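A short reminder: the numbers here are calculations on the coordinates, not readings from a lab. In this text the structure is predicted, and so the values were computed from the model without any measurement. Backbone-built Cβ (ideal geometry, glycine too); neighbour counts: all protein chains shown.
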Amino acid sequence: MGADLSARMEGRARAPIKKELLQATLPTSRCIEFKHTGLSFEEFDHLVWLVYSGTHENVPWTGMLNYLRALLDANYVSLILRLPHDQQPLRVVYAGKAGPVFGTRIFTDFIALDPFINLPRNRMVALEELIDDATWQASSCYQEFYAPLHVRYHLAADVGEDSSEPVCRLRITRPPTGKRFGARERAICNVLLPHLEVAVQLRSRLDIADVEQCFYSGMLGRLSVGIVFLDTEGRVLKVNDAADAILAKGDGLSISSGFLTARTRRDDRDLRKLIEHALEAGGRRVPSVLAGMAVRRTPGRSNLGVAVRAAPPTRWSEPSSRPAALVIIRDPEATVQVSQMDLKRLYGLTSAEASIAQRLINGCTIDDAAMELNVSRNTVRSQVRAIFAKTGVSRQADLLRTLLHSVAPLS
């Protein structure tokens, strides 16, 4: 009986899917729309690929817009990503022959003179649906703005949910020597719009991730905290600026053949064990604790503080392309970047007091500060008392803790 069942299942797996069954699984309207595009599967596949790969282009969707412009025999294709508001500039990407000229005009006049207002969402609309051709050509908008740019026929869509601001706006134009946009051109754009909406939202999330990464990397850099990202084999994937500065000195830690190594054999062995433990814990997706060690440098220099932990995986993360472990490096000799302006603004310090506070944060004694500033020890002590009063502390240890734990080192 088991063999019969296996045979039946094998036969079912090999049986071709009937065309009628495949069509029944797709929305009827989408099937009809795609038939009207006249596109081959290869052409449509390439167009969709350009939409999603465009999220990673330096100027996003440049390739898609150029391909769409050629496909639709258009002179300009524009993708408006953000309208100007609250001192935020217009964000628009476009493809067209008269790039510089059109670019200047589009950034100054295009939005104000856009003939498409309150469009139905996620559907291509031709300008003649909104205004008759004679009235359009007689309008000052057409004669003064669009005619000089050889723009006459328009096709447009606002993409996104009806209840919210459009995710993006797609605008396509043809010159007076061209033809009106027909059913084929509308169909091509209509089947593209759902993919474009998803891609623009994806790009927005990538932008947020980039901002967060830049912020956190800059914050850790100001605290002189180095971060080294390792892959599943323990090779170095990436380092932040603070780690790069520490490793460049080659004292205590360095990168050799793609791996993070310690200066002494003993420290290198212990570091390897910590990294292997973190990678193993991350691979098994089990909780792990932060493990640390001191890495010795040349005699006379403070040890580096090193901590290793497994990089937290996401549910569907791809192990081969994501960091598997993080090595956190702290150099006690590195200076904390705190500006005098921040200290003056936060605590009302004078310039002289802020200068002394800077030096105390970075490990100077009162005598050291007096020597560096070429003033007497009593002057420095008097200014330290003033700093105490303004920061609400009474001991130097409390002052250092207050200054280091404030937002000044992060601003």
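Step through the residues of the range 236-252 one at a time and calculate ³J(HN,Hα) from phi using the Karplus curve (6.51 cos²θ - 1.76 cosθ + 1.60, θ = phi - 60°), rounding each to whole Hz and writing x for Gly and Pro.
6, 8, 6, 9, 7, 4, 5, 5, 4, 5, 5, 5, 4, 6, x, 10, x
What is the order of CYS141, CYS168, fewest Cβ neighbours within 10 Å to most?
CYS141, CYS168
So what's the net charge close to GLY300: Lys and Arg +1, Asp and Glu -1, counting the other residues with Cβ under 13 Å from its Cβ?
+1
On a C-alpha basis, how far is the centre of the range 115-135 from the centre of the range 368-397 in Å? Whole number, if you could?
The range 115-135 and the range 368-397 have Cα centres separated by 71 Å.
Could you pull out every one of the aspartates and glutamates with an alpha carbon less than 15 Å from that of LYS35, ignoring same-chain neighbours closer than 8 positions?
Within the straight-line cut-off, LYS35 pairs with GLU43, ASP45, GLU185.
Going Cα to Cα from LYS344, which aspartates and glutamates come in below 16 Å? Please leave out same-chain ones fewer than 8 positions away.
GLU353
Given R₀ = 45 Å, FRET efficiency for LEU373-ASP210 by Cβ-Cβ distance, to 0.05?
0.65
Provide the descending list of Cα extents for the range 340-410 along its principal axes, expressed in whole angstroms.
Sorted from largest, the Cα extents of the range 340-410 read 30, 23, 20 Å.
Could you please report the charge total around THR402, scoring K, R as +1 and D, E as -1 over all other residues with beta-carbon less than 13 angstrom from its beta-carbon?
Around THR402, the charge tally is +2.
So which trypsin sites (Lys or Arg not before Pro) in the range 106-207 pass both tests, a DSSP loop state and at most 14 other Cβ atoms within 10 Å of the Cβ?
ARG123, LYS179, ARG180
Work through the residues other than ASP132 whose Cβ is under 15 Å from its Cβ and net out their charges, Lys, Arg +1 and Asp, Glu -1.
Around ASP132, the charge tally is -1.
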